Amino acid sequence: MPQLMDLPNETLLDICQNTVGNPGENMNKDLHSLALTNRIFTNIVREVLLQGPLLHFTQRKADSLIATLFKYPKQAEKITSLEITTRIKYTDSIRGRPITPRRSPKLIRYDSNFAQQCKDSVEKVKTSRKNKAAWVTALMQDDAAAFLGLLITMLPNLNELLLGGGDLRYLPLLRDVKYKASNSQALTNSKYAYLKDVLKLLHKNLTSLEMPFDRWFGAETYGQNRIPISPDFSPFTNVRTLIANEPILNLQFLTTTILPLRVERVIIVDASFEAENFIMDLLQERQERGITSLYPNLRHVALYYEEPKSCGKYSFIHTLKRLGIRTGVKVDGHSSKRFHIAAAFSDGQPWKLSDVKLKELEVKIKKGTLPNLGLVNS
C-alpha cells in the first residue's frame with residue numbers, strides 16, 4: 001500500500017483542496033496545519049491558498065500577499081477570485097469583547113527591495129505620471145487602498161471580487177459606483193484619483209461582483225438640496241453575477257436599469273419589501289417590453305430575507321416566482337418563518353450557505369446556542 005507522500009502531486013493537490021473548511025474565519029486552519037507536517041505540502045498548500053485568496057485588511061495582509069506574488073509571479077496568473085474582509089469576529093468568549101488583531105510591521109518601510117518592486121509595478125500601469133507619483137506616495141504611507149489597487153493590477157485573470165465582509169471606508173475604489181464623475185466625492189476628484197484606471201480594469205474583467213455588507217446614506221445634502229444616492233453598476237459590462245445587500249442598493253431610489261447589462265444572476269441580502277418591489281418592477285418591465293429588451297441574460301434572482309417571513313404558496317415571493325416563470329427568471333426566497341437570520345449571523349454572506357446550513361443556523365438561533373458572531377469594524 002503506497003504511503004501518502006508517494007502519491008503524485010495532482011492527488012496531493014486534490015487532498016489539500018478538500019481540507020478547506022466551511023466559509024468563515026478558520027476555514028483554512030487544517031491547510032495551515034498540513035503545511036507544517038511535511039515540506040512537500042508547503043508548495044501544494046500555497047497553491048491552494050492562492051487559488052482564491054481571502055485577504056484580511058485589518059491584519060495588514062495586502063502587502064504580504066503582494067510580496068508572495070512578487071516571489072511566485074506565476075501564481076498571480078492562476079488567481080481568478082479574490083475575497084476581501086475588513087472585519088473580525090468576537091472571539092474572546094471569556095471577556096465577551098472583540099479581539100483586535102495584531103498588526104504586522106509595515107513591510108514597505110523596512111524592506112527596500114519590496115518597496116522598489118512596488119514602485120516598479122506601479123510604473124508598469126497605464127496611468128498618468130501624476131497618478132503614479134500619488135500612488136507611490138500612498139504606498140509608502142501604508143495606505144490599504146493603494147495596496148489593493150496594486151494587487152488588482154497584478155492579477156491579470158481576476159474575474160471574481162467578493163467584498164461581503166468588507167467596509168466601505170476601506171474601499172474608496174467603489175466610490176464611482178455611488179457617485180457620478182461630476183461629483184466632488186468621485187474618484188477623479190479625490191486623493192484616490194490614481195485608482196480610476198484600476199476601476200476600469202474591474203469594469204472590463206469582472207464577471208462576478210459582491211458588494212460590501214455595509215450601507216451608505218440614502219441621500220446627501222448639497223447646499224439646500226437633498227440628492228438621493230442611486231448606485232450604478234452598469235459600467236461593469238461583463239458582470240454576470242451581482243451580490244449586494246438591500247441598504248447598499250438603496251432600492252427606494254433605484255430604477256430597473258442600473259444593473260450590469262449582461263447580468264445573469266442577482267442576489268439580494270437582507271431583503272425586505274423594497275427588494276420585492278424592485279424585482280416585481282423589473283419582471284413586469286421584462287414582460288411588457290419583451291424578455292430580450294431588459295437584461296436578456298437574466299436567469300436567476302435570489303432574495304435572502306432578514307425578517308421572519310413566510311415564503312409559502314400565498315406569499316408575495318410566490319407571486320414573484322410565478323411572474324419569473326413567465327419571463328424566464330427563476331426566483332428564490334430564503335427566510336425563517338419565526339427567527340431573524342440576518343446576514344450578520346453568516347459573516348454577511350448567507351448566500352454561501354446551503355439551505356441545510358441555513359436551517360442549522362435557524363435552530364442555533366432558536367436554542368440561543370449561536371456563537372457571538374457580531375461583526376465589528378477594525
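Length gained on full extension, residue 299 to residue 359: 19.1 nm, using 0.36 nm per residue less the C-alpha separation. Summing charges over neighbours of residue 296, with a neighbour being any other residue whose Cβ is under 13 Å away from its Cβ, gives +3 when K and R count +1 and D and E count -1. Beyond a 27 Å Cα-Cα separation, which of these cross-linked pairs lie in this structure: 61/364; 119/196; 71/126; 106/178; 78/364; 78/191? From the list (61/364; 119/196; 71/126; 106/178; 78/364; 78/191), the Cα-Cα distance tops 27 Å for 61/364; 106/178; 78/364; 78/191.
Expressed in nm to one decimal, what extension gain is obtained for the pair residue 120 and residue 70 from 0.36 nm per residue of sequence separation less their Cα-Cα distance?
Details: separation 50, 0.36 × 50 = 18.00 nm, distance 1.11 nm.
Net length gain for the segment: 16.9 nm.
Here the simple spin-label model places points 7 Å from the Cα toward Cβ, and for residue 180 and residue 130 these points are separated by 2.3 nm.
Amide H contacts for residue 55 (H built 1.01 Å from N in the peptide plane; partners 5 or more residues away or on another chain; cut-off under 5 Å): 83, 84, 85.
Taking amide H as placed 1.01 Å from N in the peptide plane, the amide H of residue 167 sits under 5 Å from that of 86, each at least 5 places away or on another chain.
Backbone geometry of the range 200-209 corresponds, through the Karplus equation with coefficients 6.51, -1.76 and 1.60 at θ = phi - 60°, to 3J(HN,Hα) couplings of 4, 4, 5, 3, 7, 9, 5, 10, 9, 9 Hz, x marking Gly and Pro.
Would you list 334, 318 from fewest to most Cβ contacts within 10 Å?
On the way: 334 20, 318 15.
Least to most surrounded, the residues fall as 318, 334.
Per-residue 3J(HN,Hα) values for the range 316-322, derived from phi via the Karplus relation 6.51 cos²θ - 1.76 cosθ + 1.60 with θ = phi - 60°, read 5, 4, 5, 4, 5, 4, 5 Hz in sequence order (x marks Gly and Pro).
Note the full-extension length gain between residue 78 and residue 291 as 0.36 nm times their separation in residues minus their Cα-Cα distance, in nm to one decimal. Let's see the in-between values first.
Values: separation 213, 0.36 × 213 = 76.68 nm, distance 3.66 nm.
Extra length available between residue 78 and residue 291 comes to 73.0 nm.
Whole-Hz Karplus values for the range 65-75 come out as 5, 4, 4, 5, 6, 4, 6, 10, x, 5, 5 Hz, taken residue by residue from phi with 6.51 cos²θ - 1.76 cosθ + 1.60 and θ = phi - 60°; glycine and proline positions read x.
No value in this document is a laboratory result; all are computed from the given coordinates. Note that the structure is a prediction, hence the values are computed from the model and not measured. Ideal geometry is used to build each Cβ from the backbone, glycine not excepted, and the neighbour counts take in all protein chains shown.
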